[in-house]
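Visitor: Below: one structure in structure tokens.
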Amino acid sequence: MKKKLNRYLVTVSVLAIALTLVFTSLIFWKEMQTEAMDQVKSTVSLIASYDNGESPDAVANLESYIAAWVQPENPTRITRIAADGTVLFDNEAEAGSMVNHLNRPEVQEALRNGTGEDTRASETMAGSVTCYYAKRLSDGSVLRGAYTIRGIRNIFVRVLPYIAVIAAMVIALAVLVSWYLTVKFLQPIRDMAEKPLAIRAPDTYEELQPLLDTIKSQQKDVIMAATQRQEFTANVSHELKTPLAAISGYAELIETGIASKEDTIRFGTEIHQNAERLLKLINDIIRLSELDLSAGAQEKAEPLDLYAVAERCMEELQVEADKYGVSISLTGRKSVLRADRQEMEELINNLADNAIRYNKPHGSVKLTVEHDGEKAWLRVADTGIGIPKEHQKRIFERFYRVDKSRSRATGGTGLGLAIVKHIVQGMQGEIQLESEPGEGTTVTVLLPYRN
Ligand code: ADP
């Protein structure tokens, strides 16, 4: 990044310097020509002003004025040309040796209009330009001034050392600025790599903020996911250990042979129950990891009537409801949506099973299946013990239980609601929970309705 920015800034600076050089030289060159022409004009006009046209030798006397005005430091060359083009006088060369000047544009123009001017490239000095200005005198001859300015190449050569110094300074500055910018730009990202969650937002560029936010939230997710995984592994080990320890203990008692027949039967029942618990736990863990892997793929989704699925689940749960002395009912109507049948059965079973297990004697569980144009919903309302506010957010976490002993005693694994949440998320659905301790709990699952 530093190299790239460096190259970019240096290229831009060099280009800017080159363009400035070309344009300033051209403008400077044009200005010099105008200046030169003005100088020639004023010199020629000044000398010509001594020709008042009154005395016959006024023009002849001009030559002495020329000698007076055109000093060595004044580089204007003065030539007097007769109306037929013959050179009568020149302050730099022998007039007799000079060629006829009649075809010179400025002379032609002056003979015709009184004054004439022209700017021509010098034949002798490459890249130099001469400005000519001619004025017709009272005797019909023409007074001409010429001013040669050094070529544009010379200007380049003259300014080049300065430009080189400026360019070196600008390039050094560009390198410095690119270094500073890169360091400043990368700092928050470096900070982030070193101290993942401690990013100081106010110091960063505004434009960088969305990127920082995304990285920050992803880092948070990763850290949380890692923490969750660790917690889950620790919980699983702990949950497996408890029934296994019980099984091992009871089996040992039987092994010693000191247990009476009744005790052996009791221990056998304990072993059986704990083994069942273990099986249920392992099944739920496997199911969760399956759901994790498929992550909402909905491969086995098919059109199915949620009401009919609920009806079948209710029949199966009837035995358990009777065991707890709880009545169970279903209302609503046929609601066909695309879903995985096994997942829908698990969803209804887990919710209704909780509603029965955390109920009160003579309580009720009411299932409702409904839909509108956009959503289908399953509502499970019970008249049970309810869930205190502070626990409501957390009961969907794996192994989170409000009352551990009640959960265990009723055959809970602490994973039922985690499975429900997983299924609903996979279908882009939503879970709503209303609960009042001592009054009851209502869980509503809203699912996208596309049959
Ligand atoms: P469990 O196997 O322990 O029932 P869940 O994941 O199904 O695990 O539920 C987590 C906890 O949420 C339960 O242990 C219980 O404390 C609470 N809970 C769930 N459903 C209900 C309900 N209908 N009424 C009261 N408490 C509930």
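Visitor: Which whole-number percent of Cα pairs in region 223-293 have a distance greater than 19 Å?
Guide: Details: 1189 of 2485 pairs.
Tail of the P(r) past 19 Å holds 48 percent of the pairs.
Visitor: Just to confirm the number: angle between the C-alpha axis of helix 152-194 and the first principal axis of the chain, 0 to 90 degrees, nearest 10?
Guide: For helix 152-194, the angle is close to 10 degrees.
Visitor: Evaluate the charge dipole of region 374-451 about its Cα centre and quote only its size in Debye, nearest 20, assuming +1 on the Cβ of each Lys and Arg and -1 on the Cβ of each Asp and Glu. Don't skip to the end; give the middle numbers.
Guide: Details: 12 positive and 9 negative charges, 72 e Å.
With Lys and Arg at +1 and Asp and Glu at -1, about 340 debye.
Visitor: What figure, in Å² to the nearest 10, do you get for the accessible area of Phe89 with a 1.4 Å probe and non-protein molecules left out?
Guide: About 50 Å², rounded to the nearest 10.
Visitor: Projected area of region 349-451, taken from the Cα convex hull and averaged over every viewing direction, in nm²?
Guide: Numbers: hull surface 26.0 nm².
Projected area, direction-averaged: 6.5 nm².
Visitor: I've got another one for you. Through the Karplus equation 6.51 cos²θ - 1.76 cosθ + 1.60, θ set to phi - 60°, convert the phi angles of region 221-227 into ³J(HN,Hα) values in whole Hz; use x for Gly and Pro.
Guide: Calculated HN-Hα couplings, in order: 4, 4, 4, 5, 4, 5, 4 Hz.
Visitor: How much accessible surface area, in Å² rounded to 10, belongs to the heavy atoms of Glu439 with a 1.4 Å probe?
Guide: Its accessible surface works out to 130 Å², give or take rounding.
Visitor: Could you tell me what % of all Cα pairs in region 2-154 have separations over 22 Å?
Guide: Numbers: 5623 of 11628 pairs.
Roughly 48 percent, rounded to a whole number.
Visitor: Largest first, what is the accessible-area ranking of Ile223, Ile348 with a 1.4 Å probe? Display every interim value, and only then the final one.
Guide: Numbers: Ile223 75, Ile348 0 Å².
Order by accessible area, largest first: Ile223, Ile348.
Visitor: Could you give the size of the charge dipole of the chain about its Cα centre, using +1 on the Cβ of each K and R and -1 on the Cβ of each D and E, expressed in debye and rounded to the nearest 20?
Guide: Numbers: 52 positive and 60 negative charges, 171 e Å.
With Lys and Arg at +1 and Asp and Glu at -1, about 820 debye.
Visitor: Right, something else. Cα convex hull of region 271-339: how many Å³ per residue?
Guide: Convex hull of Cα atoms, per residue: 113 Å³.
Visitor: When the convex hull of the C-alpha atoms of region 329-380 is computed, what volume per residue in Å³ does it have?
Guide: Details: hull volume 3.9 nm³, N = 52.
Hull volume normalised by residue count: 75 Å³.
Visitor: Same structure, new question: Give the ranking of Asp90, Asp305 by solvent-accessible surface, highest area first, calculated with a 1.4 Å probe. Before the final figure, lay out the partial values.
Guide: Working: Asp90 10, Asp305 35 Å².
Accessible-area ranking of Asp90, Asp305, largest first: Asp305, Asp90.
Visitor: Any chance you could look up the accessible area of Trp377 with a 1.4 Å probe, heavy atoms only, rounded to 10 Å²?
Guide: Counting only protein heavy atoms, the figure is 50 Å².
Visitor: Taking +1 at the Cβ of each Lys and Arg and -1 at the Cβ of each Asp and Glu, which of Thr442, Phe396, Thr214 sits farthest along the dipole of the chain towards its positive end, judged by Cα position relative to the Cα centre?
Guide: Phe396
Visitor: Please give the net charge around Asp263, taking every other residue with its beta carbon less than 14 angstrom from that of Asp263, where Lys and Arg add +1 and Asp and Glu add -1.
Guide: -2
Visitor: Compute the angle between helix 341-357 and the longest alpha-carbon principal axis of the chain, please, reported from 0 to 90 degrees and rounded to the nearest 10.
Guide: Orientation of helix 341-357: about 60 degrees from the principal axis.
Visitor: Mind checking the full-extension length gain between Lys220 and Lys3? Use 0.36 nm per residue of separation minus the Cα-Cα distance, one decimal, nm.
Guide: Details: separation 217, 0.36 × 217 = 78.12 nm, distance 3.22 nm.
Fully extending the segment from Lys220 to Lys3 adds 74.9 nm.
Visitor: Another one. Quick check: convex hull over the Cα atoms of the chain, volume per residue in Å³, rounded to an integer? Can you show the working numbers first?
Guide: Numbers: hull volume 137.4 nm³, N = 451.
Convex hull of Cα atoms, per residue: 305 Å³.
Visitor: Using a 1.4 angstrom probe with every protein chain in place, what is the largest-first accessible-area order of Glu35, Glu370, Glu255? Present the calculation step by step, with values, prior to reporting the outcome.
Guide: Numbers: Glu35 125, Glu370 45, Glu255 150 Å².
From most exposed to least exposed: Glu255, Glu35, Glu370.
The values are calculated or read from the model by the stated rules, or taken from the named source; none is laboratory data. Small disclaimer: the values here were computed from a predicted structure and weren't measured. Here the Cβ is made from the backbone with ideal geometry for all residues, glycine too, and neighbour counts use every protein chain on show. Note: areas computed on protein heavy atoms with side chains; ligands, DNA, RNA excluded. Shrake-Rupley method; radii C 1.70, N 1.55, O 1.52, S 1.80 Å.
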